[in-house]
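Visitor: Take a look at this one; I'll ask things after.
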């Protein structure tokens, strides 16, 4: 059965291997360029030039890294659509199910081997790409941070392996239910795309209990936020991010030490002519705000949970497919 | 000997219509069974149930004493060639033999190679490039080299031209004798089957119309023409008129009777099959009229 599986799969395997080879060459070249740029422009930058050197590095490599990440997000979708969905429907459409399901092996055996071989291939291809991209983009990630970002998190390390296995099984099961190739491909793509949006927006952040803490507004906190000001509903700070953390609050109200809201009148007191003095003045007012986040050291736990969730769903789908196919 | 097929009140319903209804059968071992019926009679459904590709919605079926497709061992005992002889278009003839060897414990590679050679098939040829007849032969080879005890062929000659038909059937008879297997083959044309089968099942409207060994069927059916046909109401007790055919020139009546009818000639197999199928068709048209 492994022979037949390989014999039917080898063209698709060759296409995947070819595409992976091309991407690998690109990622190795890109990775080396970034390493070179990082060691020459960033590591030894003159103090007054460092900010612009960092910005130049981000501008130069932001787009290629994001594109390579987007492609990696697309790989499981392609696997689901082109490996998963046609796995059973093509046999049904060409009526070869009537030949192969009448050899001396049961349908469950037939499907189990197919799922194992193609599922492992899907995980291997995606895993290799993820490994290459993680290596290639490591300097960029180190500099820019934000590895909890929806795209960065889903296109590095372990998470893509889970997506690949899941997408393949999703395609297979939809094919088994829909029984026609083109509709099965379309449904697979739609369901997987919805999941890839729902997961980062609505699900992932709830997989662990976030931490809520009180942050004192000092110079460091100011430099780590986007905006601070007085709005119609009081004083607030926007876009504060703890180093390496996954921020769940985008905007927080500012409070005085005694818990009363920070007011416009207080803010006026620190409006002088010198920005640095203004900031020192504001810090001395002893303001704080509330901040909810997942700490940086949870990154690997989140990666493992993501992998486990999708592998768990994969196992459920495989169980359903094997149960469903026994006539 | 275990019957090759034994069914009791077997039925298969698809969403809107019944494909097979109350089918009770017992086919003895060692037969070449002809399954005849018009298109849509339920032949493929019955054969699909027999090899276990589909599951019944009512009743029971056992094949060689076990539930169809019950496991690898049961699958090994039944060879099946589906309608239009599906093969893998992208796989070569040789690949199909490898497929057979990898997927069947009792695979007879010598037999398979010999047949491919006899048929003049090029082992390197892709199956998608074969003619209809060659494809049917390849599918039959894969089913035969499995060394099953029962071979099921669904409409094996439907796609073949008359010359290829008779060659296919002659070849089939030869190696059936060589392998000593039971065979079930279906067709909508009785003419294809009457030369090869020794057990006949007539299926129409999803119901069994007639089933029996060919010599018994022939012995029980009479064909009355002319004056005899006019006196068909004076038949011996227990005799049943299957179908009356009136043309401008003459009337022909097909009668089933276990008691000999003196002076009447026996009907041939084609007459009998046609009479049962026509009767079922007429009944279903009347049924529609009544329903209206």
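Visitor: How high is the relative contact order of the stretch A:243-313, in percent, counting Cα pairs under 8 Å that sit 6 or more residues apart?
Guide: Values: 55 pairs, mean separation 33.2, N = 71.
Relative contact order here is 47 percent.
Visitor: Taking 1 over the mean of 1/r across every pair of different Cα atoms in the stretch B:135-292, what Kirkwood radius in Å do you get?
Guide: 17.8 Å
Visitor: Over all directions, what mean area does the Cα convex hull of the stretch B:214-291 project, stated in square nanometres?
Guide: 5.9 nm²
Visitor: Given the C-alpha centroids of the stretch B:114-152 and the stretch B:209-272, what is the distance between them in whole angstrom?
Guide: 42 Å
Visitor: Between 0 and 90 degrees, rounded to the nearest ten: what's the tilt of helix B:132-145 against the longest Cα principal axis of chain B?
Guide: Value to nearest ten degrees: 80.
Visitor: Please find, in a Gaussian network model of chain B (springs between Cα atoms separated by less than 10 Å), the residue of B:19, B:177, B:204 whose mean-square fluctuation is greatest.
Guide: B:177
Visitor: Based solely on its DSSP helices, what 222 nm [θ] is calculated for the protein assembly as shown when runs of n ≥ 4 H residues each add -39,500 (n - 2.57) and the sum is averaged over all residues, nearest 500 deg cm²/dmol?
Guide: Roughly -16500 deg cm²/dmol at 222 nm, from the helical runs in the protein assembly as shown.
Visitor: Between the stretch A:190-229 and the stretch B:15-82, what is the separation of their alpha carbon centroids in Å?
Guide: Measuring centre to centre over Cα atoms gives 61 Å.
Visitor: Turning to a different aspect of this structure: Other chains' Cβ within 10 Å of A:90-101 residues: what's the mean?
Guide: 5
Visitor: Within a 10 angstrom radius of each residue's Cβ in B:49-58, how many Cβ atoms of other chains show up on average? Whole number is fine.
Guide: Average per residue, whole number: 2.
Visitor: Cut-off 10 angstrom, C-alpha nodes, Gaussian network model of chain A. Which of A:21, A:167, A:265 fluctuates the most?
Guide: A:265
Visitor: Separate question: Have a look at the DSSP beta bridges in the protein assembly as shown and tell me what percent are antiparallel, nearest 5. Intermediate values should be presented prior to the final figure.
Guide: Numbers: 51 of 68 bridges.
Looking only at bridges with both residues in the protein assembly as shown, the antiparallel portion is about 75 percent.
Visitor: So, one more: Based on alpha-carbon centroids, what's the gap between the stretch A:73-92 and the stretch A:263-313 in Å, whole number please?
Guide: 43 Å
Visitor: Which angle from 0 to 90°, rounded to the nearest 10, does the C-alpha axis of helix A:299-325 make with the longest principal axis of chain A?
Guide: It works out to around 20 degrees.
Visitor: May I pose another question? Highest mean first, how do B:268-279, B:143-154, A:304-315 rank when packing is the count of other Cβ atoms within 10 Å averaged over residues?
Guide: Values: B:268-279: 20.8, B:143-154: 23.3, A:304-315: 17.3.
Ranking, from highest mean packing down: B:143-154, B:268-279, A:304-315.
Visitor: Hey, what D do you get for the stretch A:74-124 in µm²/s if you plug the Kirkwood alpha-carbon radius into Stokes-Einstein at 25 °C and 0.890 mPa s? Please report the intermediate quantities before stating the final value.
Guide: Details: Rh = 11.8 Å.
Diffusion coefficient, whole number: 208 µm²/s.
Visitor: Separate question: Once Rh for chain A is found with the Kirkwood sum over Cα pairs, what is the Stokes-Einstein diffusion coefficient at 37 °C and 0.692 mPa s, in µm²/s? Before the final figure, lay out the partial values.
Guide: Details: Rh = 23.0 Å.
For these conditions, the coefficient is 142 µm²/s.
Visitor: Using the number of other C-beta atoms within 10 angstrom as an exposure proxy, rank B:58, B:187, A:39, A:273 with the fewest first. Each step should come with its number before you reach the end.
Guide: Numbers: B:58 15, B:187 22, A:39 11, A:273 6.
In order of increasing Cβ crowding within 10 Å: A:273, A:39, B:58, B:187.
Visitor: Say each of residue B:196 and residue A:151 gets a label point 7 Å from the Cα, pointing the same way as Cα to Cβ; how far apart are those two points in nm?
Guide: Taking the simple label geometry, residue B:196 and residue A:151 are separated by 6.4 nm.
Visitor: Would you work out the Kirkwood radius for the protein assembly as shown? I mean one over the mean of 1/r across all pairs of different Cα atoms, in Å.
Guide: 30.5 Å
Visitor: Round to the nearest 0.05 the FRET efficiency obtained for residue B:188 and residue A:22 when R0 = 56 Å and r is the Cβ-Cβ distance.
Guide: With a Förster radius of 56 Å, E is 0.55.
Visitor: Moving to a separate point now. Please find the FRET efficiency linking residue A:138 to residue B:22, where r is the Cβ-Cβ separation and R0 is fixed at 51 Å, and quote it to the nearest 0.05.
Guide: 0.10
Visitor: Here's another thing I want to ask about it. In nanometres, what is the gap between the two model label sites at residue A:198 and residue A:11, each 7 Å from Cα along Cα-to-Cβ?
Guide: About 3.5 nm, to one decimal.
Visitor: When you have a sec, figure out the Kirkwood radius of chain B from all distinct Cα pair distances and drop it here in Å to one decimal?
Guide: Radius from the Kirkwood sum: 20.5 Å.
Visitor: While we're on this one: Which of A:303, A:196, A:12 ends up with the largest GNM mean-square fluctuation for chain A, with Cα atoms connected below 10 Å?
Guide: A:12
Visitor: If you don't mind, there's one more thing I want to ask. Compute for the stretch A:211-296: radius of gyration divided by Kirkwood radius, i.e. Rg/Rh, restricted to C-alpha atoms, rounded to two decimals.
Guide: On the Cα set of the stretch A:211-296, Rg over Rh gives 0.96.
Visitor: Let me ask something else. According to a simple spin-label model (label point 7 Å from Cα along Cα-to-Cβ), what is the distance in nm between residue B:174 and residue B:70?
Guide: Result: 3.7 nm between the two label points.
Visitor: Now, a different point. Relative to the longest principal Cα axis of chain B, at what angle does helix B:269-291 sit, 0 to 90 degrees, rounded to 10?
Guide: Roughly 70 degrees between the two axes.
The numbers here are math on the coordinates, done by the rules we state, and not lab data. Note that the structure is predicted; figures quoted are calculated from it, not measured. Neighbour counts are summed over all protein chains in view; Cβ atoms, including those assigned to glycine, are modelled from backbone coordinates with ideal geometry.
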